[in-house]
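Worksheet for the structure shown next.
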Amino acid sequence: MTSTDAALAALIARQGTGARYDAQAAPADELAMARRGTAYFARLLNGLADADLDAPTARAGWSRRAVIAQTGYHARHLGLFIAAAQNGTAWDQPVMPSRQDIALGETLPPRALRHLIDHASVHLNVAWRDMTDSDWGLSCNGVALRDTPMLRARLLWHNALDLNAGGRVKDVPEGVL
């Protein structure tokens, strides 16, 4: 039993039968890395004043607003991608947001940009949590749903460093970079 499994067992014991949990077939360690990355990114973002959102990042040519918009829209796209796979419908967009989406996100007021991160992250987390064991075996356009937590984790941790807001490489979990 991994430490993630032990933590989940303890959580279930505390919360009881009324709460909803990830399916047993879910990739628990990868989900944990994505969820930790979400919290890490949010902590860095919440430490920035609204005026700081226009500052440059560690990624050449990108503002903090662009990195934030990419992070938010990526969660939104992954949530919609999962729904398409579950419904058996075609997904005709890339999982990564387009440069046009990101440019639009850059124009959002600070509060809306922060809410984009919050709401899209919750939406994606609910999509993962509500997946059944069989859903974790699905794929769409050659991408397995089982791979979506690691796709998200990598983007989150990279973007947390690119945000240039105090993120440190030594904070990134092994296996993500």
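Quick check on region 151-165. Is at least one of its residues at pLDDT 95 or above, farther than 18 Å from Q70 by Cβ and not polar (S, T, N, Q)? No, there is no match, as no residue in region 151-165 is at pLDDT 95 or above, farther than 18 Å from Q70 by Cβ and not polar (S, T, N, Q).
Taking the criterion of being under 21 Å from T132 (Cα atoms), free of Cβ contacts under 8 Å to residues at least 60 places away in the same chain and in a helix (DSSP H, G or I), would at least one residue in region 35-43 satisfy it? Checked region 35-43: no residue is under 21 Å from T132 (Cα atoms), free of Cβ contacts under 8 Å to residues at least 60 places away in the same chain and in a helix (DSSP H, G or I). The set of residues from region 150-177 being under 12 Å from M33 (Cα atoms) and not in a loop (DSSP other than H, G, I, E, B) comprises M150, L151, R152, A153, R154, L155, L156, W157, D171. Each residue in region 130-143 was checked for being open to solvent by 30 Å² or more (accessible area, probe 1.4 Å) and either within 16 Å of A84 (Cα to Cα) or polar (S, T, N, Q) (or both), and 9 pass. For region 104-123, the count of residues that are of a type outside the set (K, R), in contact (Cβ under 8 Å) with a residue 12 or more places away in the chain, open to solvent by 60 Å² or more (accessible area, probe 1.4 Å) and in a strand (DSSP E or B) is zero. For region 12-44, the tally of residues that are more than 26 Å from G137 (Cβ to Cβ), open to solvent by 30 Å² or more (accessible area, probe 1.4 Å) and at pLDDT 85 or above stands at 5. The residues listed here are A75, A60, A55; of these, the one that is over 19 Å from R168 (Cα atoms) and either open to solvent by less than 20 Å² (accessible area, probe 1.4 Å) or not hydroxyl-bearing (S, T, Y) (or both) is A75.
Evaluating L8 against the criteria (1) within 19 Å of A127 (Cα to Cα); (2) modelled with pLDDT under 90; (3) open to solvent by 50 Å² or more (accessible area, probe 1.4 Å); (4) not in a helix (DSSP H, G or I) leaves one unmet condition, (4).
The values are calculated or read from the model by the stated rules, or taken from the named source; none is laboratory data. Quick caveat, the model's predicted, so the values are computed rather than measured. Cβ sites come from the backbone with ideal geometry, for glycine too, and all protein chains shown count toward neighbours. Only protein heavy atoms, including side chains, enter the accessible area calculation; ligands, DNA and RNA are left aside. Shrake-Rupley method; radii C 1.70, N 1.55, O 1.52, S 1.80 Å.
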